[in-house]
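Trainee: Attaching a single structure in structure tokens format; questions to follow.
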Amino acid sequence: MTEFPSYNIHKVDCETMQNKDYEVYRLQEVEKDLEKLNFPHKHIYYTIIYIESGKGSHQIDFKDYPLQNNTLYFLSPGQIHNWNIEELPKGYALFFTEDFFALNCKNHNVSDFDFFHLQKNDASLKIESKDTNL
């Protein structure tokens, strides 16, 4: 069985990453890091990625998801993923630990949200362009 590298939120090779349980950053600010992550790996934290624009694909658990404008991608801890970038994406990424979620949403668990149950659901969600005014 192949072993894949696993990263915690403090070991992501990103200059903006601080020692905390969450991080939000613009994808265009970490383009060097995205280019380096073109091999299968996993994280021990949750990730939500918003792609505003870009070309390529994001492979999640060995299923290819084409990068589409105005699309969210969801990853749970332990999922294997990698990037195949043709045009550097613009957008945002949110990393957070289960502890961070528990501190801020005391009446819910991350597992309450269907989009993190990727065995049953699609790992992406297209957003209507009228709803994307950031």
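Trainee: Describe numerically, in nm with one decimal, the distance between label points set 7 Å from Cα along Cα→Cβ at Lys126 and at Asn84.
Mentor: Reported label-point gap for Lys126 and Asn84 is 2.0 nm.
Trainee: Still on this structure: Count the net charge of all other residues whose Cβ sits under 13 Å from the Cβ of Ser53, scoring Lys and Arg as +1 and Asp and Glu as -1.
Mentor: 0
Trainee: Continuing with the same structure: What full-extension length gain, to one decimal in nm, is calculated for His41 and Asp61 as 0.36 nm per residue of separation minus the Cα-Cα distance?
Mentor: Numbers: separation 20, 0.36 × 20 = 7.20 nm, distance 1.00 nm.
Stretched fully, the His41-Asp61 segment lengthens by 6.2 nm.
FYI, it's all coordinate maths here, none of it is from the lab. Because the structure is a prediction, the values reported are computed rather than measured. Ideal geometry is used to build each Cβ from the backbone, glycine not excepted, and the neighbour counts take in all protein chains shown.
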